[in-house]
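Values in this text are rule-based calculations from the coordinates and carry no lab data. Here the structure is a predicted model, which means the values were calculated and not measured. Every residue, glycine as well, gets a Cβ built from its backbone with ideal geometry; the counts of neighbours run over all protein chains shown.
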Amino acid sequence: MSLARVHNFAISLDGYGTGEGQDADHHFGHAGERLHEWMFATRWWQAGGSGGVDNAFVQQHGPGIGAEIMGAGKWGHPGWQDDPDWKGAWGPNPPFHTPTFILTHHTRSSIEMEGGTTYHFLDASPAEALETARKAADGKDVRIGGGATVIRDFLAAGLIDFMHLAVVPIVLGRGVRLWGEELEGVEKDYVVETISAPSGVTHVTFTRKGI
């Protein structure tokens, strides 16, 4: 069976995956781009960028992925459902390049974008969404793209096989946290490894035991 994988999900030292105050102009709320500056500095993102540890992790994002699942908050912003012309926060050629399933109570018709990304809208449980995405992935793995609430729900349901977190050395203080009481002891199901990069980011990987 294909794996459910999380890649390059950045959180602050206090565990926030996005800031407070998300809107159409501030996709990550008051955090801005501070959670992702380490990624923008890599060779994967820009010519002449870093080719070190950060770059090695970023490049694992795409290979072997056949579909993606994300939450409505990652795809849009509060109130997007009231704009029938809204096509997501990721531009005309989104970086997913696969069938991408948006978990939302506000479903609409699928939207085909440039570069191989087609958005599909599901009102479904994590298990139901993963089953649907696996069928679309055609034997490849499914990336659980976030945001924090979606990843937390999939972890709580025992559905994540591999997770890479980038712990960024900032304190946000408010926003949407990855960790919650329902995940107490979740590390017992995984082999957990860490590596620090010169950027100050600590990369933490969770690999399900037995896979």
- Message: I want to verify a result. In a Gaussian network model of the chain, Cα cutoff 10 Å, which of these has the top mean-square fluctuation: TRP80, TRP179, TRP45?
- Response: TRP45
- Note on the structure: Given backbone amide H placed at 1.01 Å from N, residues whose amide H is under 5 Å from that of GLU68, ignoring those fewer than 5 places away on the same chain, are THR100, PHE101, ARG143
- So the number of lysine pairs in the chain with alpha-carbon atoms under 24 angstrom apart, 8 or more residues apart or on different chains, is 6
- Note on the structure: the chain, Gaussian network, Cα under 10 Å: of HIS120, HIS30, HIS105, the residue fluctuating most is HIS105
- Query: Build a GNM of the chain with springs between Cα atoms under 10 Å: which of GLY91, GLY145, GLY32 gets the top mean-square fluctuation?
  - Reply: GLY91
- Query: Tell me, what HN-Hα J-couplings in whole Hz come from the Karplus equation 6.51 cos²θ - 1.76 cosθ + 1.60 at θ = phi - 60° for each residue of segment 5-18, using x for Gly and Pro?
  - Reply: 10, 10, 10, 6, 7, 8, 10, 7, 4, 9, x, 8, x, 7
- Summing +1 for each Lys or Arg and -1 for each Asp or Glu, what net charge is found among the other residues whose Cβ lies under 14 Å from the Cβ of PRO169? -2
- Find, to one decimal place in angstroms, the Kirkwood hydrodynamic radius of segment 4-208, where the mean of 1/r is taken over every pair of different Cα atoms and then inverted. 17.4 Å
- Beta carbons within 10 angstrom, averaged per residue: use that to sort the peptides 67-75, 46-54, highest first. 67-75, 46-54
- Task: Give me the distance in nm between label points sitting 7 Å out from Cα along the Cα-to-Cβ direction at ASP83 and GLU181, one decimal.
- Result: 3.7 nm
- Query: Is segment 1-67 rounded, prolate or oblate when judged by the Cα gyration tensor, a ≥ b ≥ c being the square roots of its eigenvalues, rounded requiring a/c under 1.5 and prolate requiring a/b larger than b/c?
  - Reply: oblate
